[in-house]
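**Q** Pasting in a structure now, in structure tokens, and then I'll have a few things to ask.
The values are calculated or read from the model by the stated rules, or taken from the named source; none is laboratory data. Only a predicted model underlies this, so the values are computations on that prediction, with no experimental measurement involved. Backbone-built Cβ (ideal geometry, glycine too); neighbour counts: all protein chains shown. To get the accessible areas, we keep the full protein, side chains included, count just its heavy atoms, and leave off ligands, DNA and RNA. Shrake-Rupley method; radii C 1.70, N 1.55, O 1.52, S 1.80 Å.
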Amino acid sequence: MEEMPHLELKGRALCICRHLANSLPRCYPDALSILMQSIRQDSGPVGIGSMSPFYYMPHSLFVAEYGLNHFEHSMQALYEITKRFTSEFAIRPFLIKYPEQTLSILAEWTQDPSEHVRRLVSEGTRPRLPWAMRLPEFQKDPQPALRLLELLRNDPSEYVRRSVANHLNDISKDHPELVLRTCEKWWLPGSENMQSLCSHALRTLVKAGHPEALAILGFRHRIDVTAKLFIQNHVVNWGQDLIFEATVTLNEESSRILVIEYIVHYLKANGSYSLKVFRLTKETLESMETKSYRRKRSMQDLTTRKHYPGIHYLEIQVNGNRYDKKAFELLS
């Protein structure tokens with residue numbers, strides 16, 4: 001307990017995991033047997049969005065830390081654990097050490113009755129899974145994982161399909177053409193599920209203004225619009241909100257579907273800029289119609305972003321085209 005106050009979530013779970021190893025038998029199968037009995041007391045499914053499953057995070061870390069030389073025992077344990085707390089982090093060392101064996105088991109799990117197990121197939125093989133070790137071989141060649149995604153793309157669970165979309169989005173950062181061809185093949189007119197999956201999978205390419213990604217989703221890249229930005233507070237104190245309004249006018253003779261976004265050019269410590277794209281709206285504008293959107297953007301530090309004083313920029317983006325870049329100053 002003396003260690004805990006100084007550790008964050010994963011560090012605390014790892015601390016518990018290592019103290020478990022000190023207390024359980026040295027023989028891994030014996031230790032795992034005792035550990036698994038503790039989760040079998042609760043056979044109910046985990047609730048999506050609940051924090052209670054994190055109780056089992058040390059269990060999954062125990063398998064990843066101490067079970068690499070016991071493949072079959074560990075796979076069965078991860079199968080049970082993922083029904084209560086995801087095994088997406090713990091399965092990755094096994095994918096690296098035993099790629100063929102692990103992929104073979106994951107192919108079987110695509111047909112499992114549990115949506116948590118099926119989601120593990122997609123989430124566990126994501127090459128750029130946040131807060132997890134990368135899978136460099138899958139980044140280099142995503143085809144083995146893509147074959148699994150093919151088996152899951154029509155899954156009845158939105159929870160699983162969302163993971164498939166996130167996995168494709170990961171792949172698009174290294175192999176954009178492969179994801180474009182995949183979404184072209186998967187896109188089905190009238191299929192709301194498949195269109196939602198492809199839209200989420202292509203979000204990084206859409207934010208980058210990729211013309212082909214926009215076309216797959218039904219947006220024209222070349223479009224005649226007038227877009228203007230109006231910044232209310234050109235000087236913003238750290239921790240306050242940047243307040244602005246964007247107006248967009250469609251200058252064409254027929255209606256068009258527009259995806260309207262704004263880009264913040266965040267000043268970095270070294271003087272360069274990091275661009276972050278945020279969605280304003282997606283809607284249809286009629287010929288010569290003008291619409292306005294008022295928004296605010298917090299300039300308070302997050303765990304994922306630190307703000308630096310100085311000149312920042314704001315820009316409007318419509319169907320991948322940028323307009324009306326404006327400066328504002330952030331004070332410390």
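**Q** Scan segment 183-242 for residues that are without any contact (Cβ under 8 Å) to a residue 60 or more places away in the chain, in contact with an Asp or Glu (Cβ under 9 Å, 6 or more places away or on another chain) and either of a type in the set (D, E, K, R) or exposed (fewer than 13 other Cβ atoms within 10 Å of the Cβ) (or both) and jot them down.
**A** Selection gives GLU184, GLU212, ASP224.
**Q** Restricting attention to segment 95-123, which residues are within 13 Å of LEU135 (Cβ to Cβ), open to solvent by 60 Å² or more (accessible area, probe 1.4 Å) and not basic (Lys, Arg)?
**A** Scanning segment 95-123 gives a single hit, ILE96.
**Q** Just to verify a result, which residue in segment 31-53, among those that are part of a helix (DSSP H, G or I) and either in contact with a strand residue (DSSP E or B) (Cβ under 7 Å, 6 or more places away or on another chain) or of a type in the set (Ser, Thr, Tyr) (or both), is modelled with the lowest pLDDT?
**A** SER52
**Q** I need a count of the residues in segment 68-85 that are buried (at least 20 other Cβ atoms within 10 Å of the Cβ), at pLDDT 95 or above and within 18 Å of ARG119 (Cβ to Cβ).
**A** Number of matching residues: 5.
**Q** Next question. List the number of the failed condition for ASP224; all other conditions in (1) of a type outside the set (S, T, N, Q); (2) within 30 Å of LEU152 (Cβ to Cβ); (3) at pLDDT 95 or above; (4) out of contact with any strand residue (DSSP E or B) (no Cβ under 6 Å at 6 or more places or on another chain) hold.
**A** (2)
**Q** Taking the criterion of being closer than 17 Å to ALA246 by Cβ, over 24 Å from the mean Cα position of the chain (by Cα) and either not small (Gly, Ala, Ser) or not in a strand (DSSP E or B) (or both), would at least one residue in segment 297-309 satisfy it?
**A** Scanning segment 297-309 turns up no residue that is closer than 17 Å to ALA246 by Cβ, over 24 Å from the mean Cα position of the chain (by Cα) and either not small (Gly, Ala, Ser) or not in a strand (DSSP E or B) (or both).
**Q** I'm told TYR28 meets every condition in (1) out of contact with any Pro (no Cβ under 9 Å at 6 or more places or on another chain); (2) at pLDDT below 95 except one. Can you identify the failing condition by its number?
**A** It fails just one condition, (2).
**Q** Residues that are out of contact with any Pro (no Cβ under 6 Å at 6 or more places or on another chain), within 21 Å of LEU78 (Cα to Cα) and modelled with pLDDT under 95, at least 2 per element: which helices (runs of 4 or more DSSP H) completely within segment 104-169 meet that?
**A** none
**Q** Moving on to the next point. Hey, among GLU177, GLU65, which residue is charged (D, E, K, R), at pLDDT 95 or above and closer than 23 Å to PHE54 by Cα?
**A** Unique residue meeting the criteria: GLU65.
**Q** Would you call ASN270 over 30 Å from PRO142 (Cα atoms) and open to solvent by 70 Å² or more (accessible area, probe 1.4 Å)?
**A** Here the answer is yes, as ASN270 does meet what is asked.
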